[in-house]
Amino acid sequence: MVISETLNLFSDLPAFPMSIGGPERKVLSVSQLTNRIKTCLETGIGYVWVTGEVSNLRQPTSGHLYFSLKDESSQIRCVLFAGSARGIKFKIEGGQELIIFGRVSLYARSGDYQIIVEKVEPKGVGALQLAFEQLKNKLAREGLFEPARKKPIPFLPQRIGLITSPTGAAIKDVLNIIDRRWAEVSILIYPVRVQGEGAAEEISAALKDFNTMPGIDVLILTRGGGSAEDLWAFNEEILARQIAASRIPVISAVGHEIDVTIADLVADKRALTPSEAGELVVPVKDEVEKTLKQSFLRLTALLQNQVQGAYHRLEVIRKSHTFRQPLDQIEEYYQQLDDLLMGLPQLVEKNIQECYRKLQMGAGRLESLSPLQVIKRGYTVTKRFDNNRLIKSVNDIKINDEVLTQVKDGKFIARVNKIFP
Amino acid sequence: MKKEKSEVSAGKFEDHLARVEKIMEELESGNLDLEESIGKYETGISSLKKCYEILGQMEKRIEILIKDENGNFVTKPFKVKKTQETEQS
């Protein structure tokens, strides 16, 4: 029903007394009239579905929402009280085409009629879809989906925090896959409701709690497939903010591949399914062990290669001619030294004999030079008797000096009688 | 909540593994002299040992968090119930 049709309904209202003056004249107060109009509107029209475009939107701090709904030719005031507004997932904005459900009433203070809105749907697109798009755009503008914000998922977590329903299909999938890939891992399950009123708050609280616990390396947020309504908790802003605030990396695995939730977009890693979350969170143990073993062998082989290479180079150098030469020289010296050492005793002996011979020769010569030998041949030696000085000149003596003369077979003392210079 | 096991070792598994891979690359490049290579090799082997230590200390443990009457968390061993198939809200 469009607004102009709504207005046409006034023609159905009961006629008021029209006579002017007269005994039957009945005067109403403004309030009385207003009340009558209000009653007419509320009983005569009551609840309606109306579609139109939002304009003049105002939202005071009270939380009530005031706007007009208009089409090409008409408009009508609408009020959405805070209590009803809370149930609406998406954000009402000016220019939106809405379908609203509410009752037509009258605001007595201003005399304006209005629709008291109870339900609101976006026109053309589902309310959830619109809410999703709105939040997505908002968070995207804030940069919450930026790849740069995303924390790396640890390669081998020691302890995994798992936020999900303990009885759902998702938990089984995740645990199965982890068990198959790397069973020896610690998993801490935080049981939460994954759909319905309050689920988003519960999941957010779990994220917050895990972030206060030590030793949790990675978080998995998961639930199995379901309708858009079932998955809705994962599209709520409170959860998106909590994921963004997590210091622990978060893997989100909500529903099936086609279900993309806000949680998936904010998370550090999106797994298409709960099973894939299991694959993303731990490596395959056998493969890792194989890698370690291969690394050890490779490392050792590389070093061995290098040691061998170095050894080879050393050998080549050692055997090379240039390197041989000084060695040869040294060895020659060694040999000489050896020879010398071996010949040393003979050499010493020879030297000693030589010395002897020289000594003997010297002795012979010494003997031949001895004055005693000259005396033997008839010469004499004369010294002054008083001071035993050899007399070599007539100047060495004077008359009456006593002289000692040595001859071959003895000595005698004589007195100088005469000197012949 | 149960007391966490003391940290296995300084540094994460992947850091140790990455170090080993880097060392292998360096050794392969052939730009190191023998003394450097031996040093790198020793570092590589000790990193590998750390990896094995981490592996050796890992154990299977699946627990569920439960809030006790005082609102404190306690953990209990968790077993998947094979019979339940439905998603519970």
What pairs come out if I take residues in the stretch A:308-321 that are more than 15 Å from B:GLY30 (Cα to Cα) and assigned to a helix (DSSP H, G or I) and pair them with residues that are at pLDDT below 80 and open to solvent by 100 Å² or more (accessible area, probe 1.4 Å) whose C-beta lies under 6 Å away, six or more apart or interchain?
A:ILE317/A:PHE323
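Take the stretch A:71-111 and flag every residue that is outside any loop (DSSP other than H, G, I, E, B), open to solvent by 30 Å² or more (accessible area, probe 1.4 Å) and in contact with a strand residue (DSSP E or B) (Cβ under 6 Å, 6 or more places away or on another chain).
In the first step, residues of the stretch A:71-111 are kept if they are outside any loop (DSSP other than H, G, I, E, B); the result is A:75-80, A:82-85, A:97-107.
Applying the additional criterion that residues be open to solvent by 30 Å² or more (accessible area, probe 1.4 Å) yields A:75, A:77, A:83-84, A:97, A:99, A:101, A:103, A:107.
A:GLN75, A:ARG77, A:SER84, A:GLU97, A:ILE99, A:PHE101, A:ARG103, A:TYR107, listed by residue number.
Would you mind stating whether A:SER62 is open to solvent by 50 Å² or more (accessible area, probe 1.4 Å), hydroxyl-bearing (Ser, Thr, Tyr) and touching a residue at least 24 places away in the same chain (Cβ under 8 Å)?
Values: open to solvent by 50 Å² or more (accessible area, probe 1.4 Å): yes; hydroxyl-bearing (Ser, Thr, Tyr): yes; touching a residue at least 24 places away in the same chain (Cβ under 8 Å): no.
Answer is no for this residue.
Would you check if A:VAL125 is surrounded by 13 or more Cβ atoms within 10 Å (Cβ to Cβ), free of Cβ contacts under 8 Å to residues at least 40 places away in the same chain and not in a strand (DSSP E or B)? Break it down into steps so the answer makes sense when it comes.
On the way: surrounded by 13 or more Cβ atoms within 10 Å (Cβ to Cβ): yes; free of Cβ contacts under 8 Å to residues at least 40 places away in the same chain: yes; not in a strand (DSSP E or B): yes.
So A:VAL125 passes the test.
If I filter the stretch A:206-219 for residues that are in contact (Cβ under 8 Å) with a residue 60 or more places away in the chain and assigned to a strand (DSSP E or B), do I get at least one hit?
Residues of the stretch A:206-219 in contact (Cβ under 8 Å) with a residue 60 or more places away in the chain: A:217-218.
Next, only the ones that are assigned to a strand (DSSP E or B) stay: A:218.
Yes, there is a match, as at least one residue in the stretch A:206-219 is in contact (Cβ under 8 Å) with a residue 60 or more places away in the chain and assigned to a strand (DSSP E or B).
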Residues of the stretch B:19-40 satisfying the condition of being assigned to a helix (DSSP H, G or I) and open to solvent by less than 50 Å² (accessible area, probe 1.4 Å)
B:VAL20, B:ILE23, B:MET24, B:GLU26, B:LEU27, B:SER37, B:GLY39
Answer residue from the stretch A:130-149, given it is open to solvent by less than 50 Å² (accessible area, probe 1.4 Å) and assigned to a loop (DSSP other than H, G, I, E, B) and is farthest from A:VAL260 (Cα to Cα) among those
A:GLY143
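Checking the structure you have, find out if any residue of the stretch B:75-88 is more than 8 Å from chain A (Cβ to nearest Cβ), out of contact with any helix residue (DSSP H, G or I) (no Cβ under 7 Å at 6 or more places or on another chain) and at pLDDT 85 or above. Talk me through it step by step, then tell me what you get.
In the first step, residues of the stretch B:75-88 are kept if they are more than 8 Å from chain A (Cβ to nearest Cβ); the result is B:76-77, B:79, B:82-83.
This time we only want the ones that are out of contact with any helix residue (DSSP H, G or I) (no Cβ under 7 Å at 6 or more places or on another chain), so: B:76-77, B:79, B:82-83.
Filter once more, keeping what is at pLDDT 85 or above: B:76-77.
Within the stretch B:75-88, one or more residues are more than 8 Å from chain A (Cβ to nearest Cβ), out of contact with any helix residue (DSSP H, G or I) (no Cβ under 7 Å at 6 or more places or on another chain) and at pLDDT 85 or above.
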Mind listing whichever residues of the stretch B:42-64 are without any contact (Cβ under 8 Å) to a residue 24 or more places away in the chain and more than 9 Å from chain A (Cβ to nearest Cβ)?
B:GLU42, B:SER46, B:LYS49, B:GLY56
Could you tell me whether the stretch A:359-377 includes any residue that is open to solvent by 70 Å² or more (accessible area, probe 1.4 Å) and in contact (Cβ under 8 Å) with a residue 24 or more places away in the chain?
yes
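Being in contact (Cβ under 8 Å) with a residue 40 or more places away in the chain and hydroxyl-bearing (Ser, Thr, Tyr) is the requirement here; does A:SER186 meet it? Before you say what the answer is, go through the steps one by one.
Numbers: in contact (Cβ under 8 Å) with a residue 40 or more places away in the chain: no; hydroxyl-bearing (Ser, Thr, Tyr): yes.
Against the criterion (in contact (Cβ under 8 Å) with a residue 40 or more places away in the chain and hydroxyl-bearing (Ser, Thr, Tyr)), A:SER186 does not qualify.
Condition check ((1) within 30 Å of A:GLN75 (Cβ to Cβ); (2) not assigned by TED's automatic domain parsing to the domain that holds A:ARG241; (3) not acidic (Asp, Glu)) across all residues:
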{"residue": "A:GLN96", "(1), (2), (3)": "yes, yes, yes"}
{"residue": "A:ILE100", "(1), (2), (3)": "yes, yes, yes"}
{"residue": "A:SER110", "(1), (2), (3)": "yes, yes, yes"}
{"residue": "A:TYR113", "(1), (2), (3)": "yes, yes, yes"}
{"residue": "A:GLY124", "(1), (2), (3)": "yes, yes, yes"}
{"residue": "A:LYS136", "(1), (2), (3)": "no, yes, yes"}
{"residue": "A:PRO152", "(1), (2), (3)": "no, no, yes"}
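Hey, any hits in the stretch A:173-184 for a residue that's within 14 Å of chain B (Cβ to nearest Cβ), in a strand (DSSP E or B) and more than 30 Å from A:LEU65 (Cα to Cα)?
Taking the stretch A:173-184 first, the residues within 14 Å of chain B (Cβ to nearest Cβ) are A:173-184.
Restricting the remaining residues to those that are in a strand (DSSP E or B) gives none.
Within the stretch A:173-184, not a single residue is within 14 Å of chain B (Cβ to nearest Cβ), in a strand (DSSP E or B) and more than 30 Å from A:LEU65 (Cα to Cα).
Which of the following residues is modelled with pLDDT of 85 or more and more than 8 Å from every other protein chain (Cβ to nearest Cβ): B:ALA18, B:ALA10?
On the way: B:ALA10 fails: modelled with pLDDT of 85 or more.
None of the others qualify; the one that does is B:ALA18.
Looking at this structure, is A:LEU239 surrounded by 23 or more Cβ atoms within 10 Å (Cβ to Cβ) and not in a loop (DSSP other than H, G, I, E, B)? Break it down stepwise before answering.
Values: surrounded by 23 or more Cβ atoms within 10 Å (Cβ to Cβ): yes; not in a loop (DSSP other than H, G, I, E, B): yes.
Spelling it out, A:LEU239 is indeed surrounded by 23 or more Cβ atoms within 10 Å (Cβ to Cβ) and not in a loop (DSSP other than H, G, I, E, B).
Tally time: how many residues in the stretch A:276-291 are of a type outside the set (Asp, Glu), buried (at least 19 other Cβ atoms within 10 Å of the Cβ) and part of a helix (DSSP H, G or I)? Write out each step before concluding.
Looking only at the stretch A:276-291, we keep the residues that are of a type outside the set (Asp, Glu), and these are A:277-278, A:280-285, A:288, A:290-291.
Checking the rest, the ones that are also buried (at least 19 other Cβ atoms within 10 Å of the Cβ) come to A:277-278, A:281-282, A:288.
When the remaining residues are screened for being part of a helix (DSSP H, G or I), the result is A:277-278, A:281, A:288.
Selection size over the stretch A:276-291: 4.
The values are calculated or read from the model by the stated rules, or taken from the named source; none is laboratory data. Predicted model only: the values in this text are computed from it and were never measured. FYI the Cβ positions are ideal-geometry reconstructions off the backbone, even for glycines, and counts take in every protein chain you see. Ligands, DNA and RNA are excluded from the accessible area calculation, which covers all protein heavy atoms including side chains. Shrake-Rupley method; radii C 1.70, N 1.55, O 1.52, S 1.80 Å.
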